1. Out of Arg46, Arg62, I need the residue that is within 24 Å of Arg357 (Cβ to Cβ) and charged (D, E, K, R). Which one?
2. Please specify each residue of the stretch 62-84 satisfying the condition of being more than 16 Å from the ligand (Cβ to nearest atom), surrounded by 24 or more Cβ atoms within 10 Å (Cβ to Cβ) and of a type in the set (Ser, Thr, Tyr).
3. Suppose the filter is in contact (Cβ under 8 Å) with a residue 40 or more places away in the chain, touching a strand residue (DSSP E or B) at 6+ places or on another chain (Cβ under 8 Å) and surrounded by 15 or more Cβ atoms within 10 Å (Cβ to Cβ); does Asp711 pass it?
4. Just one of (1) within 20 Å of Asp82 (Cα to Cα); (2) outside the structural domain of Ile732 (by TED's automatic domain parsing) trips up Phe676, so point out which.
5. Could you please let me know if Ile321 is of a type in the set (A, V, I, L, M) and either open to solvent by less than 20 Å² (accessible area, probe 1.4 Å) or farther than 23 Å from Ala84 by Cα (or both)?
6. I need the full set of residues from the stretch 511-527 which are more than 26 Å from the chain's Cα centre (by Cα) and open to solvent by 10 Å² or more (accessible area, probe 1.4 Å), in order please.
7. Is at least one residue of the stretch 52-67 closer than 30 Å to Gly363 by Cα and among the polar types (S, T, N, Q)?
8. Might you check whether a residue that is more than 31 Å from the chain's Cα centre (by Cα) and at pLDDT 95 or above occurs anywhere in the stretch 284-304?
Amino acid sequence: MTETDSPDGRIASLIEKLTLQEKIDLVHGDRDPAELATGYLPANDRVGIPSLSLVDGPMGVRAVTATAFPASIALAAAWDTDLAREQGEALGTEVRGADQDVLLAPGCNIIRVPECGRAFEYYSEDPHLSSRLAVATIESVQSAGAMATAKHYVANNQERQRHAVSAEIDERTLREIYLPAFEAAVKEADVASVMASYNRINGTYATEHERLLTDILKDEWGFDGFVVSDWWATTDAVAAAHGGLDLDMPGVPVHEWQESESRIHEAIGALPDAAPKGTLAELAAKPWLPDGANPNLFEGSVFEDPLREAIEGGKVPETAIDEKIARTLSQMDRFGMFDDEQPAGSVNDPAHETIARRVAQRGTVLLQNDGVLPLDEDLDSIAVLGPNAETAKIGGGGSSEVDPTAAISPLDGIRERTDSGTTVTFERGVERIEEPHDEDDGALGFSVPDAIDDALSGDDEEPSIDAAARAAGSADVAVVVVQDNASESEDRSLWLPNEQDRLVAAVADVAEKTVVVCNTAGPVRMPWAGAVDAIVETWYPGQEDGHVTASVLFGDVDPSGRLPVTFARRTDHYPASTEAQYPGIDFEAEYSEGVFVGYRHFDNADIEPLFPFGHGLSYTDFEYTDVSVESGDGPEASVQVTVENVGDRDGYEVVQAYLGQDDPSVERPPKELAAFESVELAAGEETTVTLDIDQRDVAYYDEDGAAWTVDDGEYTVSIGRSSRNIVATETITVADSTIVE
Ligand code: BGC
């Protein structure tokens, strides 16, 4: 192989041929002439560089009509990396089927506060679980021929003031909680790109953060892909160029972007070029712009004229731009883009719908059940209630929205599943909940509120809680489908909107049996939990909603999900519950809870959650026997446990291993998830599960030594069915303190 044949040589010789202007054109996006891509890097035909199309997002392909997969939190709730791989491969195949090259997913942020408006786009409150799912997703998306993007790097844990807020975090917390999923994405899954987030970290914008982008991501972890900005996130050309940003997106002002954010922006975009479009767009958006919104929304890329001037003025060396381009081009080369070797993919494969259904079923968490579920086949009547029960809950609002290939609502799913002997009635009970996509709204969520489209609901009658209660009172079972309406760009309340809590309470009062099905982005308050017979969390199930709901309610499948987030009894029980912590004061959010995020906090503060991390019931029962741990002198250990399905139905069990140091020299969480395994067991079947505990799962990040450290001493391994349902504990002893990778 000659030097120009090797990937590096080939890229270097291409870059050598580029003029400065052509280089500038390769570090920022532009409009996609096909109006499909979310982000687009135009081709350079002169030297032979193809165009690069980037598309959202975690739950399906945004560009075209595509399979709407369940929310990422639903996938996480299945605690199954093989399943994540199946979905990832389907997703990657759809990206290619839509003729796109890069998927702007997965979302690797930790669910620090339950209010996070994008909780549904993320996996969990736990770095181990999030890392395993990120790796499985990235590897499988990329094996289907699409590049994946680990986003939003980093500490983009709230939507409120997301363009301005600074996450004030200490190094240890960053390393132990917020960085691991990104680190695993790079080191294990070889992710092609990483998206720098909107927010600041300790005062510096993520897009300009040299320590995070260059020192840690590129130098320490060896990331050789490209760093792309979040859309309109970059504010300073020189700082971002030095900091380590490689590609600024989308490169055009909001009113010229292919997916215009509102009709006003569309109209402004269509004005003649001489018009002061940026000023007009800014004025039009002003009343709806969130606090501290990014001013660059209305301007072209800072990696265009400002960067060229910085290079010409000697503030940024041209070689720095060469390196940025080399990163993007070498990923394009890796994925066969220079040799026409990308797989064709497909978006209309019915197998993908089956996967979407299976993931949503497996991710459904049976939170509570007094025996009413699974429903009896011979019911005479079911009352289906709830503001949007006749609409599928496809997803949340913002950039992850997918135009689904099909959709079935819970009401239709239940009707389809029952025979003519069962009467199914429907009452909305309370006002329909406006879905984010019911309005003319875009990813940034600030568009002019349009007249609300009442026609969508298709009913003229005022919904009434009394009518719903009457229907519930005369049915064998009442199924209340409740939901929130989370969206990117804004955080959510933990209280269900539109008096749904009153609806559930009124129904529970009169119904013989009440089942609540929750379509929520994450935890919600459940003041009625003690009054209802069963609670099923289906998150945002995607286009197969109705089939999933009906199959779980009637027991066609075991609801095998386990919570990837803690559900608290009270809002102030969550770890970040002061204003200084969340949403922050003067655009600074203090991450003063440190590593005590999620169940780490509930355990440490000894607070009883409503439903703990890892919790989920099943229609069958499992028994654990013969627990043993093998370990040498070092920190690695292997846990073995025999699990038997002792019930009379087939089901899934998720075996969880937590680790805690008995007498730590630094403050550490009482226990942290170290390994897990999901197993499918037929009734009566048993199997032996092996859980390997890696040295990194035993270590903590020592800030003084700047190293992952395992102290000598005793550690307790807790084997359980949830973080609060521990069935066995074992001790491992580490003989000598060690530094680990
Ligand atoms: C979101 C990203 C998304 C991008 C492009 C931003 O608003 O934060 O997650 O990939 O838009 O749609």
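The values are calculated or read from the model by the stated rules, or taken from the named source; none is laboratory data. Predicted model only: the values in this text are computed from it and were never measured. Positions of Cβ are generated from backbone atoms using ideal geometry, with glycine treated the same way; all protein chains shown enter the neighbour counts. For accessibility, only protein heavy atoms count, side chains too; no ligands or nucleic acids. Shrake-Rupley method; radii C 1.70, N 1.55, O 1.52, S 1.80 Å.
1. Working: Arg46 fails: within 24 Å of Arg357 (Cβ to Cβ).
Arg62 is the lone residue from the list that is within 24 Å of Arg357 (Cβ to Cβ) and charged (D, E, K, R).
2. Thr67
3. Numbers: in contact (Cβ under 8 Å) with a residue 40 or more places away in the chain: yes; touching a strand residue (DSSP E or B) at 6+ places or on another chain (Cβ under 8 Å): yes; surrounded by 15 or more Cβ atoms within 10 Å (Cβ to Cβ): yes.
In short, yes.
4. Result: Phe676 fails condition (2) only.
5. Working: of a type in the set (A, V, I, L, M): yes; either open to solvent by less than 20 Å² (accessible area, probe 1.4 Å) or farther than 23 Å from Ala84 by Cα (or both): yes.
Judged against the criteria, Ile321 is a match.
6. From the stretch 511-527, those more than 26 Å from the chain's Cα centre (by Cα) are 511-515, 527; that's our starting set.
Within the stretch 511-527, Ala511, Glu512, Lys513, Pro527 qualify.
7. Filtering the stretch 52-67 down to residues closer than 30 Å to Gly363 by Cα leaves 54-67.
Imposing the further condition that a residue be among the polar types (S, T, N, Q) reduces the set to 65, 67.
Within the stretch 52-67 (the criterion being closer than 30 Å to Gly363 by Cα and among the polar types (S, T, N, Q)), the answer is yes, since at least one residue qualifies.
8. Looking through the stretch 284-304, at least one residue is more than 31 Å from the chain's Cα centre (by Cα) and at pLDDT 95 or above.
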